[in-house]
1. So for the range 82-104 (the condition being assigned to a helix (DSSP H, G or I), over 36 Å from the mean Cα position of the chain (by Cα), surrounded by 10 or more Cβ atoms within 10 Å (Cβ to Cβ) and of a type in the set (Asp, Glu)), does at least one residue qualify?
2. Out of the range 23-58, which residues are surrounded by 10 or more Cβ atoms within 10 Å (Cβ to Cβ) and among the acidic types (Asp, Glu)?
Amino acid sequence: MAEIEYGGIKIKGGKILIILSLLGTLGGAAWTGFTFYKDYLDMKAKIQEYTAPDLSHYDEQIAVLKAEIDSILDEITLVSDVAKDLKNDMKTDLRSMNDDIRHITKIVNDIEDRQKEDTREIFEELKIIEDDLNLNINKALNNPLNNMSATK
């Protein structure tokens, strides 16, 4: 087995491997720390050099869009008001038409009732005339003076 002596301390092979591993780990940690620190310094420099982009053209576009939206909303409000007025006018017209239809229906019903009554009266009068005519015909036929007796 290999042995190293340093400052009166003897180190055998297994411990040498542990020390070498420890030194490699410490070296890797130091390298990572230095790399991280360099990245930090680079990022800090970039942040300090940063200037905000000019977004004024976006502000202008937003203002134009806002004006267009306001205009559209005004038009929608106008159309909505006109639609409400039309709706109210149509309701009024429909109510008026409904009243007119009811009035016309009442007139038609009254005319039908009068026509039925007139028809009944005419049929009754015709029945009376028919009965009277039949009576007169029977009288005339049964009159012994007229020579038209039904018993010839």
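What follows draws every value from the coordinates through simple rules; no lab data is involved. Just so you know, these numbers come straight off a predicted model, no measurement behind them. Cβ: placed from backbone, ideal geometry, glycine included. Neighbour counts: every protein chain shown.
1. The answer is no; no qualifying residue exists.
2. Answer for the range 23-58, where residues must be surrounded by 10 or more Cβ atoms within 10 Å (Cβ to Cβ) and among the acidic types (Asp, Glu): Asp39, Asp42.
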